[in-house]
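The values are calculated or read from the model by the stated rules, or taken from the named source; none is laboratory data. Please read all numbers here as calculations on a predicted model, not as lab measurements. Glycine gets a Cβ as well: all are built from the backbone with ideal geometry, and neighbour counts include every protein chain shown.
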Amino acid sequence: MKKPALVTLPEQMVQVVAGGMHTVCLSESGKVYTFGCNDEGALGRDSSEEGSETVPGKVELNEKVVQVSGGDSHSAALTEEGLVYVWGSFRDNNGVIGLLEPMKTCKLPSKLSIPEPVVKIISGNDHLVMLTMDGNLYTSGCAEQGQLGRIPEYFSNRGGRQGLDRLLEPQMVKVKGKVHFTDAFCGAYVTFALSDKGYVYGFGLSNYYQLGTKSTKLCFVPIKLTCFKNSTTSWVDFTGGQHHTLCLDSEGRVYSLGRAEYGRLGLGEGAEETSEPTLVTGMEAVCRVACGTTVSYAVTREGDVYSWGMGTNMQLGTGEEDDEWSPVKMNGKQLENRAVLMVSSGGQHTALLVKDKQES
């Protein structure tokens, strides 16, 4: 696929999430539809009928869903009551680690046990982050890179002698002093969280400074990230690929940090890795950002979408396999009279949520 093509869905969608090799869609009426690879149950539905995984199919959930998320081979749904359902499996460097129970995948939605109502869910490649109404963070999944923020390095490989249960059972992330979190975000192997005092906390992989730390060591506990503390900048969104991070401020400006290869930072030809959020130029006011493994996207308030980074998987929508070192506006027949509302990028594919321009 060189250019964006339209997916036929049974009703209007309000959110789309691209996982590793699957896509999760949320409809206006609170129903969940999935398509793509179902090897480890990431679709949350029976796909035994030949070809049924390649078209959108409904996930049977009896409650109204208000948000979805997805990673390499897991998916999650948040209901209007604040409950979280999950399906699929988490993985680590050695393969499947399970979802709710060690080494067991979930083919159908299963409810997570969390002691307080959840208001937001976000997935990294193989971890799930839940923000609660009371401003707490709960995490579950793979802990190898520190992305759970609650497992010491000693236990990060499959829970050490304490076993996988410690990773798979959602537990609260503890921070020194009482911190009330107001938002949370994931990169592939990192977690970011905003506090009500305006601080940005992070934990996980920072081998290319993608966390904004001064060191390339793994962070296993939340640290206050000083590189994001700027009295004039109010951060509203973070997202990350394999080795880079994009951040969005309240003025609609996009910044990038981390690894620069293939142009994923959008800072121009020959840019080098950076541990500081650096302004990406060449776009008008942006309202959403997204990252794939080695690609980046920004959606403007006007409904345009820009892409940059590695072109090999045709994910940039330029119709070419060339890498792009600076933002390029995505076009194509299917986007001509449509405004882009949201973009999400998976392992090797990208999904856009669009609306016809004549609609209000």
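List of remarks:
- The stretch 294-323: number of residues that are within 20 Å of His243 (Cα to Cα), in a strand (DSSP E or B) and either in contact with a Leu (Cβ under 6 Å, 6 or more places away or on another chain) or among the β-branched types (Val, Ile, Thr) (or both): 3
- Candidates Leu108, Leu100, Leu43, Leu78 - the one that is touching a Cys at 6+ places or on another chain (Cβ under 7 Å) and not polar (S, T, N, Q): Leu100
- Pair list, Cβ < 6 Å and 6+ apart or interchain, from the stretch 61-82 residues that are on the phi > 0 side of the Ramachandran plot and of a type in the set (A, V, I, L, M, F, W, C) to residues that are assigned to a strand (DSSP E or B) and buried (at least 24 other Cβ atoms within 10 Å of the Cβ): none
- Meets criteria (more than 24 Å from Glu273 (Cβ to Cβ) and among the aliphatic types (A, V, I, L, M)) for Val200: no
- Failed item, numbered, when Lys107 is tested on (1) touching a Phe, Trp or Tyr at 6+ places or on another chain (Cβ under 9 Å); (2) buried (at least 20 other Cβ atoms within 10 Å of the Cβ); (3) closer than 20 Å to Pro170 by Cα: (2)
- Residues of the stretch 249-273 classified as assigned to a loop (DSSP other than H, G, I, E, B) and buried (at least 24 other Cβ atoms within 10 Å of the Cβ), total: 3
- Candidates Val96, Val66, Val86, filtered to the one that is farther than 20 Å from Gly346 by Cβ, in a strand (DSSP E or B) and under 21 Å from the mean Cα position of the chain (by Cα): Val66
- Checking every residue in the stretch 262-271 against the condition of being out of contact with any Cys (no Cβ under 7 Å at 6 or more places or on another chain) and modelled with pLDDT under 95 gives at least one match.
- Of all the criteria given as (1) in contact with a strand residue (DSSP E or B) (Cβ under 9 Å, 6 or more places away or on another chain); (2) touching a residue at least 40 places away in the same chain (Cβ under 8 Å), the one not satisfied by Lys333 is (1).
- Within the stretch 169-216, if we keep just the residues that are aromatic (Phe, Trp, Tyr) and in contact with a Leu (Cβ under 6 Å, 6 or more places away or on another chain), the residue that is farthest from Ser234 (Cα to Cα) turns out to be Tyr189.
- You will find that of Thr300, Thr245, the residue that is under 17 Å from Leu194 (Cβ atoms), at pLDDT 95 or above, of a type in the set (S, T, N, Q) and touching a Cys at 6+ places or on another chain (Cβ under 8 Å) is Thr245 and no other.
- Selection within the stretch 196-212 - over 19 Å from Ile151 (Cα atoms) and crowded, with 19+ Cβ neighbours inside 10 Å: Val200, Tyr208, Tyr209, Gln210, Gly212
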